[in-house]
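Here is the structure we will look at.
Just so you know, all these numbers are worked out from the coordinates, no wet-lab data involved. As the structure is a prediction and not an experimental result, all values here were calculated from the model. Glycine gets a Cβ as well: all are built from the backbone with ideal geometry, and neighbour counts include every protein chain shown.
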Amino acid sequence: MTKIVSVHPRPEYFSITWMLNSRCNYDCMYCGPEWHDTTSRGHDLDTLKQTWMNIHDQAKHKKLPFKISFTGGEVTADKNFLPLLQWLRENYPDISMILVSTNGSASARYYESLAKVVESITFSIHSEHVNEREFFNKIQILDPLMVRPKKSFHVNIMDEFWNRDRIPLYQNKLEELGVSYSVNAIDHRYQTREFPIMKGVLNLDKI
C-alpha cells in the first residue's frame, strides 16, 4: 500500500497551447497535412512578440500565472523559437511554466539552451526518421538538466505498428536511464499513406 506523505493544492494557471506553424522536418505517415508540411514559413520574431503581447494584454486582468505549451509542426525548425522563449523569460515574470513538445531532431547544444528557459520538454520517437543512438545520447544529456520537481523531461514512444519489435528496447533503455516515458497510441485517421516509406537508423544496440 502506498503511503501518502503530503497533499498540495494544484495551482491555477491561464493555460495556452501555441502552435507556432505547421512546418516540420519530418514527414511521418500518420501525421496529416493540418499538423505538418515542409513549406510553411515561420513568423518573424517581432510578429511572434506582438502575438504574445496581444495575448498577455487580454488575459493579464485574470491575475493568474501563465502556462504556455508550444507545439507544431516542429517548434525547433523555427529559427525564431529559441529567441522568442529567451525574450519571454527576460520580460514576463508572470509566465510560470513553458512546456515544449519536439521530435528531438535539433542538436544537443540547442536543447541544452532550451533547458535553461523552459520547465518541461517532451521528446517523441518517430522511427521513420530517428537515429536511435543520437536520439538516446541527447536524452542522456538533457534529462539531468530537467530535474523534478521544478522541471521535467518525458519521452513519447509512438506505437508504430511496423516498429513494435523495437519498442521494448526503447522501454528498457529509458527505464535503465530512469527517464519518464509512455507508449502513445496513434490515430491513423489522418495518415497520408498506408505504410512508411522511410526508415531511420536503427542502432540502439550500439549505445
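Data for the structure
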| item | result |
| --- | --- |
| Test: M53 is closer than 25 Å to V179 by Cα and out of contact with any His (no Cβ under 8 Å at 6 or more places or on another chain) | no |
| Candidate set from segment 97-109 (those that are among the polar types (S, T, N, Q) and assigned to a loop (DSSP other than H, G, I, E, B)); member that is farthest from the chain's Cα centre (by Cα) | S107 |
| When residues of segment 110-162 are limited to those that are charged (D, E, K, R) and outside any loop (DSSP other than H, G, I, E, B), the one surrounded by the fewest Cβ atoms within 10 Å (Cβ to Cβ) | E112 |
| In segment 37-61, residue farthest from R89 (Cα to Cα) [restricted to those that are among the charged types (D, E, K, R) and loosely packed, with under 13 Cβ neighbours inside 10 Å] | R41 |
| Scan of segment 68-84 for residues that are buried (at least 21 other Cβ atoms within 10 Å of the Cβ) and more than 14 Å from the chain's Cα centre (by Cα), ordered by number | L84 |
| Cross-chain or 6+ apart pairs with Cβ under 6 Å, segment 177-201 first and of a type in the set (D, E, K, R), then surrounded by 10 or more Cβ atoms within 10 Å (Cβ to Cβ) and assigned to a loop (DSSP other than H, G, I, E, B) | R193/M29 |
